[in-house]
Every structure is written in C-alpha cells, then in structure tokens.
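Report on one structure; see the data block that follows.
The values are calculated or read from the model by the stated rules, or taken from the named source; none is laboratory data. It should be emphasised that the depicted structure is a prediction, and the values quoted were computed from it without experimental measurement. Note that each Cβ is placed from the backbone with ideal geometry, even for glycine, and that neighbours are counted across all protein chains shown. Each accessible area value is taken on the protein alone, full model and side chains, heavy atoms only, with ligands, DNA and RNA left out. Shrake-Rupley method; radii C 1.70, N 1.55, O 1.52, S 1.80 Å.
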Amino acid sequence: MTARKVVVLDYGSGNLRSAQRALERVGADVTVTPDLAAAADADGLVVPGVGAYAACMAGIDALPGAAGRVIAERVSAGRPVLGICVGMQVLFEAGEEHGVVTKGLGLLPGTVTRLAARRVPHMGWNTVAPPADSVLFAGLPDDTRFYFVHSYAAHDPGSGVTWTTHETPFVAAVERGALSATQFHPEKSGDAGATLLGNWLATLG
C-alpha cells in the first residue's frame, strides 16, 4: 500500500522534526513545509504548536495565502486535520492569555483559558478518558499515559471529547469528523503516541 502523504505545517512554531519522525515511524510519507498548496493537497494535515497562543496565531496568519481557510476547507470537505498542543488550541474560537483575547480559527467552540490549578504548567504524564467510540484511542488500555506540557486548555463540553484532569478537568483531545486534536504531545508519548498516530493515519483512507 502506498504511504499516505502527510504535511506538517511549518508556520514557525512547533516540534516539527519530532512530529515528522513520529509520523514516519508509523508509516507516513511526511513533508514539513509552509506551502499551503501542499497542505491542501496532502492526505493528512498536521498543525503543530508550542508556546503562546497569540504567537502561534500570528505565525499562521503570516503564511502567504490564507492558512485558516485552507484548514477550514479541509475539515468541511472531510479531509483529515490533526492539531497538536497549541495547534489544537488555535482550532478554538479564541485564546485568552494575560488578559488578552486572541481570535482563533473557530473550528471548535469555546475559548482556551489558563488552567485553574495551583501547579502550572501541567507538565508530565497523565491518563485520559476517551469516549467509547473514539478512533484515536482505539486499542489503548484505560491506564495509558500521554505526555503533557501546557498552562492553558479548553474546558467546554461537547461531542467527541476526551477528558483528563490536572486538579480540574480539561479537554485532552477532540474528535469531530475530519478534525482531530490533542492537547498532549503524541510525538513525545512513546508507544502510546505511536499507536494514536497510527490510528489517525488509518483514517486517511
């Protein structure tokens, strides 16, 4: 079978090479590029992200062309997109950091806000609670741990949501049609992350 072509979107933020290596490990043909035509044409698109929400949105907006439109058009056409960490957060309507609200891509409802916890950032391994019909977490036992490092998260309930808890509950992952996203880093989560990425790769057709 021909390897599925995956683009990791390079907009100046994210663990690009570690994401590339993790996807190649599970059999993807990976290109890291800021080229939106390649992003539109790929079998799967990965939107990574680390750091501040506003900086990530600025990087996305600075790409030549309309990156937000390309991502939205892929989702509406049923063509898979995977957001990772802040790459997940920017899929929501907005993010609030230090009292400043930054508009997001608006593909998921709600605002990303600071974790309501005494210990921030949330850094380390944590279990998650996916819905029974989850595709991303298929084949993974209930006590599987994934690697998190973040200070902000989404908290709004909705369909296709995987939850976890760091003093208070927050959204660990979302699966809605062609759109998938994880707050944790599957590329840093060892065999569990590889299984999840393999499950996502299998949805590319």
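Figures for the structure shown
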{"item": "Heavy-atom accessible area order for Leu16, Leu23, largest first, 1.4 Å probe", "result": "Leu16, Leu23"}
{"item": "The chain: relative contact order in percent, alpha carbon pairs under 8 Å with at least 6 residues between", "result": "20"}
{"item": "Lys, Arg +1 and Asp, Glu -1 on Cβ, resulting dipole of the range 54-136 about Cα centre, debye, nearest 20", "result": "140"}
{"item": "Residue (of His122, Gln89, Phe146) at the positive-pole extreme of the range 74-194, dipole from beta-carbon charges", "result": "Gln89"}
{"item": "GNM top mover of Val30, Val112, Val120 - the chain, alpha-carbon springs below 10 Å", "result": "Val120"}
{"item": "Rounded, prolate or oblate (a/c below 1.5 giving rounded, otherwise prolate when a/b exceeds b/c) for the range 24-106 by Cα gyration tensor", "result": "prolate"}
{"item": "Three-way shape call for the chain based on the alpha-carbon gyration tensor, with the a/c threshold at 1.5", "result": "oblate"}
{"item": "Over the chain: helical MRE at 222 nm, DSSP H runs n ≥ 4 each giving -39500 (n - 2.57), nearest 500", "result": "-7000 deg cm²/dmol"}
{"item": "Net dipole in debye of the range 18-63 [+1 Lys, Arg Cβ; -1 Asp, Glu Cβ; about Cα centre; nearest 20]", "result": "240"}
{"item": "Gaussian network model of the chain, Cα within-10 Å springs - most flexible of Ser76, Ser18, Ser159", "result": "Ser159"}
{"item": "Net charge dipole size for the chain [Lys, Arg +1 and Asp, Glu -1 on Cβ; Debye, nearest 20]", "result": "220"}
{"item": "Dmax and Rg, reported as Rg then Dmax, of the range 60-176 (C-alpha, Å)", "result": "14.7, 43"}
{"item": "Two-site label geometry, Ala138 and Arg119: point separation in nm, points 7 Å out along Cα→Cβ", "result": "3.5"}
